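J.: What follows is a single structure, and I will ask about it in a moment.
FYI, it's all coordinate maths here, none of it is from the lab. No experiment lies behind these values; they were computed from the predicted model shown. A quick note on method: Cβ atoms are made from the backbone with ideal geometry, for glycine too, and the neighbour counts reach across all protein chains shown.
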Amino acid sequence: MDPVTLAAAGAIGGGIMGYKGNQAAAKAAKQTADYNAKVAENEAVLLRRKKIDEERALRQNNERVMATQRVATAASGVQMSGSPYLALQDAYFNTEMDALNIQYAADVEATAKAAEAGLARAEGAARATGYKMASYQSLLSGGSKAATLMG
């Protein structure tokens, strides 16, 4: 076989190898992005559960404190009205405000993780598209080199 034909075959082979390599890289980029997105989604679930537990603990602790206040007030012989009642009411409303703040923080964290997952998928898709374009460029380049050598 003459050297020109061998060089042309090598150029075509190189183009095909570049194509296959970039196609594999595109697939790997997409898989990595999907994995990273799934990790972010799982973290969102865990963060939500943590906030639910945090809210539950807050409510339980405040219930205990308010029950202790009721018992202490009753033991002292003071009626549950006026200042003691208002103090208990304040404690209740403060608990509700703290619970709402925990729920809000959970929503913020969930939104951030959803955005992180979406960004991971978008970056992966962009990277995959870049690798696919490079794979087509490898084929065209190999074909062009072969045609130049044979021409």
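J.: Which of T32, N42, N94 sits closest to the plus end of the dipole of the stretch 2-143, meaning its Cα is farthest towards the positive end, when Lys and Arg get +1 and Asp and Glu get -1 on the C-beta?
T.: T32
J.: Based only on Cα atoms, what Rg/Rh ratio does the stretch 3-150 have, Rh being taken as Kirkwood's radius?
T.: Numbers: Rg = 32.2 Å, Rh = 20.8 Å.
Rg divided by Rh gives 1.55.
J.: Okay, moving on. Helix 3-75 against the longest principal axis of the chain: what's the angle in degrees, Cα atoms only, rounded to the nearest 10?
T.: Around 0 degrees separate the two axes.
J.: In debye, nearest 20, what is the charge dipole magnitude of the chain about its Cα centre with +1 on Lys and Arg Cβ and -1 on Asp and Glu Cβ, if you could check?
T.: Numbers: 17 positive and 15 negative charges, 122 e Å.
Dipole size: approximately 580 debye.
J.: Taking the stretch 22-98, how many lysine pairs are there with alpha carbons less than 26 Å apart, if each pair must be eight or more places apart or span two chains? Don't skip to the answer; put the middle values down first.
T.: On the way: K27/K38; K30/K38; K38/K50; K38/K51.
Counting lysine pairs in the stretch 22-98 gives 4.
J.: Run a plain Debye calculation on the stretch 109-151 (Cα atoms as equal point scatterers, no solvent) and give log10 I(q)/I(0) at q = 0.16, 0.32 Å⁻¹, rounded to two decimals, same order as the q list.
T.: With one equal scatterer per Cα and no solvent, log10 I(q)/I(0) is -0.57, -0.95.
J.: Let me ask something additional. What do you get for trypsin sites (Lys or Arg not before Pro) in the stretch 1-106 restricted to DSSP loop and a cutoff of at most 11 other Cβ within 10 Å of the site's Cβ? Before the final figure, lay out the partial values.
T.: Details: sites: K20, K27, K30, K38, R48, R49, K50, K51, R56, R59, R64, R70; in loops: none.
Hits after loop and neighbour filter: nothing returned.
J.: What angle do you read, to the nearest 10 degrees and between 0 and 90, between the alpha-carbon axis of helix 83-150 and the longest principal axis of the chain?
T.: Helix 83-150 and the main axis of the chain meet at about 0 degrees.
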